[in-house]
1. How long, wide and thick is region 123-238, going by the Cα atoms along their three principal axes, in whole angstroms, largest first?
2. Run the numbers for residue 132 and residue 146: contour at 0.36 nm per residue of separation, minus the present Cα-Cα distance, in nm.
3. Got a sec? How would 233, 32 order by Cβ neighbour count within 10 Å, fewest to most?
């Protein structure tokens, strides 16, 4: 390569770069300006949101309603009261009264199974006489003696009752089985029984008389007819 070619190459090379039009101070100033602009936008957004919340609160106070957006405090466990009329849950009639009777509960004590009245309306009572009440002791003893299951609470005075005897009876398949216990020295007097009835009389341990009657339903034979006498002999020693 000769001198002429070298001269041509140097002539074609780019010249010195131009001097910059900004410096470090310009960059710092622009950064500060962008930061202030972002802060202004954030402040304006927060202010607008606060105005919206205040506006909804004023509307709810005037109209008596609370916007759903303001009920979040209630959902998180913070109570929100809408006014003087609002009360605690249970302030109504469903809340039991203190020191008095609640309108939601019966003041009558519950009846115990076997010790209350049955469907017939007769009450169980120990040592009761007459045809208005059922003797509880006799009803329980007769219920244990019968082969089929019976409920003591369903006992009635039965067809063998009288004004001077303790009585109990049960409806059974095919009719009714009832018993009456007469005290010592009291004559046995009970109403006449329908046709087909089976009756047994056995002396009790206290010197009285136990009467056991099996009364059939219409068109049927007396229930447990062949066991009536045995039932009476089993029951009599208990009275």
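Bear in mind that the values in this text are calculations on the coordinates, not laboratory data. This one's a predicted model, so the numbers in the text were calculated from it and none came from an experiment. Reconstructed Cβ throughout: ideal geometry from the backbone, glycine too, with neighbour counts over all protein chains shown.
1. Projected onto the principal axes, the Cα atoms of region 123-238 cover 37, 26, 23 Å.
2. Values: separation 14, 0.36 × 14 = 5.04 nm, distance 2.28 nm.
So the extension gain works out to 2.8 nm.
3. Lowest count first: 32, 233.
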